[in-house]
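The next block holds one structure in the form of structure tokens; read it before the comments.
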Amino acid sequence: MDNTIYWLWLRETVGSAYDIKDIISHFNSAKALYEADEQELNTCDFLRNRKTVKKKLLNKNLCECEKIISQCKKYGIHILTPESEFYPKTLLNIKNYPAVLFGRGDVSVLKSEFIISVIGSRTPCVYGEEAARKIVSGLVREKNTLIVSGGALGIDSVAHRTALECGGKTVLVMGCGHGTKYLAENRALRKAVSENGILITEYPPFTDVGAKTFPERNRIVSALSRAVVIIEAADRSGTFSTARHARRQGRDLFVLPGDIDSGNFEGSNQLLSEGAKPVFSHVDILSHYFAEKYTKEKILIKNGNPFPKIDSESEFSKKSVKEPTVNKEKSKPEEKITETEENIRKNLPETISKTAEIVYNIMSDGVLTLDEIERLSHLGTGKVLAALTELELEGFVAGDGPGTYKII
């Protein structure tokens, strides 16, 4: 027998983002919970001192649930529960997993083998947009990665559109119900996703956005994926909130380094300081999970340079950077500059930023760690990481192990 109506009843009873894992673990199913009387509810340790919740669970009225089922049939909306074949099993690892998901589109994409979330600022700079495009396109073309995001303006939209343009599939997690008029600007994008991926939400049809819907939505974006890629996260932003969810859920965090003077990267650089992995291209992600198949050297041989130049000048590359005062004891006298170092300086394009040039010239000594580059350049971590990002995207520098970089 289909138990969908009992999961809907549970969702309608306790609301969204409620910690149902312990309750379901005790009763084994939503149907058994529905059939439990007050005495049986008291046998659950989680519910023993939660009088309000127990009172709600004693309401066995299914009229609203039947109405929702009727609406979903009328508008072609799939109802997925933890018992459904296509319900993402990764969600079951979090305590407040959604009792129900409402989807429009191809539910089978939710069973994809490799899923990555890409999220970021609603008002990104050119650098962030272009980096997002290159990372997403690389992930889709190299590994047929399923891209997840939240459907907002900015980086979310870039991630969805790039995946579709590359012939891939994408999941758009909404912070409202199907059929609402929220964010009319992205109506065409949502339609495209429903035709080449899926729109999912934990809210019944026609549920408007609210103060909690987007924070609640964020936990699903992170929980669906193997890792979350952060492109521009301001402090206390929705993107930063999703990163926190990812940490609590045990997901990997990859963060695009950015200018320490830009508010859009304040949260990003904080996450990096807390141990998130810097990401300069899709190869950093693929080589982390599939080291035997995907290395930067192998992809260079197969496809050429995977870090093509960002054509448009980035927001922070426009800013002038003062050359730091270099410790004379550690710097080389001009007359001792080697032929290799001269070639390095000559080969750098004119469009390269001054910060990137400083970092690149320091790296002419060979393979260096991030700490060594920071110490020798007298630049802060944020500026060094931003320079390394620029050099990787230009195809001049590559990672050579955790926190280590080399010229290529």
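The values are calculated or read from the model by the stated rules, or taken from the named source; none is laboratory data. Keep in mind that this is a model prediction, so the values were computed, not measured. Counting neighbours? That spans all protein chains shown, and the Cβs are built from the backbone with ideal geometry, glycine included.
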> Any residue in segment 53-73 that is exposed (fewer than 13 other Cβ atoms within 10 Å of the Cβ) and closer than 24 Å to V171 by Cβ?
Replying inline: yes
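Kindly indicate whether R122 is in a loop (DSSP other than H, G, I, E, B) and over 22 Å from C65 (Cβ atoms).
Numbers: in a loop (DSSP other than H, G, I, E, B): yes; over 22 Å from C65 (Cβ atoms): yes.
Yes; evaluated as a whole, the condition is true for this residue.
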> Does C44 count as over 16 Å from R11 (Cα atoms), buried (at least 18 other Cβ atoms within 10 Å of the Cβ) and in contact with a helix residue (DSSP H, G or I) (Cβ under 9 Å, 6 or more places away or on another chain)?
Replying inline: yes
> Within segment 224-238, can one find any residue that is under 22 Å from L146 (Cα atoms) and assigned to a helix (DSSP H, G or I)?
Replying inline: yes
> Can you tell me which residues in segment 1-45 are farther than 22 Å from I220 by Cβ and of a type in the set (F, W, Y)?
Replying inline: F27, Y34
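Just give me the residues in segment 176-203 being part of a loop (DSSP other than H, G, I, E, B) and either in contact with a helix residue (DSSP H, G or I) (Cβ under 8 Å, 6 or more places away or on another chain) or closer than 24 Å to I116 by Cβ (or both), in sequence order. It would help to see each step written out before you state the result.
Of the residues in segment 176-203, the ones part of a loop (DSSP other than H, G, I, E, B) are 176-183, 196, 202-203.
Matches in segment 176-203: C176, H178, G179, L183, N196, E202, Y203.
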> When K298 is evaluated against the numbered criteria (1) at pLDDT below 75; (2) among the charged types (D, E, K, R); (3) outside any helix (DSSP H, G or I), which criterion, by number, is the only one it fails?
Replying inline: (3)
> Checking F206 against (1) assigned to a strand (DSSP E or B); (2) on the phi > 0 side of the Ramachandran plot; (3) not hydroxyl-bearing (S, T, Y), which test does it fail?
Replying inline: (1)
> Just checking, how many residues over segment 365-383 are under 18 Å from L393 (Cα atoms) and of a type in the set (G, A, S)?
Replying inline: 1
> Among (1) within 14 Å of the chain's Cα centre (by Cα); (2) surrounded by 20 or more Cβ atoms within 10 Å (Cβ to Cβ), where does F114 come up short?
Replying inline: (2)
> Do we find that G177 is at pLDDT 95 or above and in the same structural domain as V229 (by TED's automatic domain parsing) in this structure?
Replying inline: yes
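Does T43 count as touching a Ser or Thr at 6+ places or on another chain (Cβ under 8 Å) and of a type in the set (S, T, N, Q)? Break it down into steps so the answer makes sense when it comes.
Values: touching a Ser or Thr at 6+ places or on another chain (Cβ under 8 Å): no; of a type in the set (S, T, N, Q): yes.
No; evaluated as a whole, the condition is false for this residue.
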> Among the residues of segment 25-52, which ones are of a type in the set (A, V, I, L, M) and in contact with a Leu (Cβ under 7 Å, 6 or more places away or on another chain)?
Replying inline: A30, L33, L41, L47
>> For segment 3-49, give me each residue that is over 26 Å from M174 (Cα atoms) and assigned to a loop (DSSP other than H, G, I, E, B).
In response: N28, S29, A36, D37, N42, T43, C44, D45, F46, L47, R48, N49
> Of these, T162, T180, T242, T207, which one is touching a Ser or Thr at 6+ places or on another chain (Cβ under 6 Å) and free of Cβ contacts under 8 Å to residues at least 60 places away in the same chain?
Replying inline: T162
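Of the residues that sit in segment 369-391 and are over 29 Å from the mean Cα position of the chain (by Cα) and touching a residue at least 12 places away in the same chain (Cβ under 8 Å), which one is surrounded by the fewest Cβ atoms within 10 Å (Cβ to Cβ)? Give the steps one after another, and end with the answer.
First pass over segment 369-391, keeping only residues over 29 Å from the mean Cα position of the chain (by Cα): 372, 375-378.
Checking the rest, the ones that are also touching a residue at least 12 places away in the same chain (Cβ under 8 Å) come to 376-378.
Values: L376: 21, S377: 21, H378: 14.
In this case the residue turns out to be H378.
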> Of the residues L172, L139, which is aliphatic (A, V, I, L, M), surrounded by 24 or more Cβ atoms within 10 Å (Cβ to Cβ) and touching a Lys or Arg at 6+ places or on another chain (Cβ under 9 Å)?
Replying inline: L172
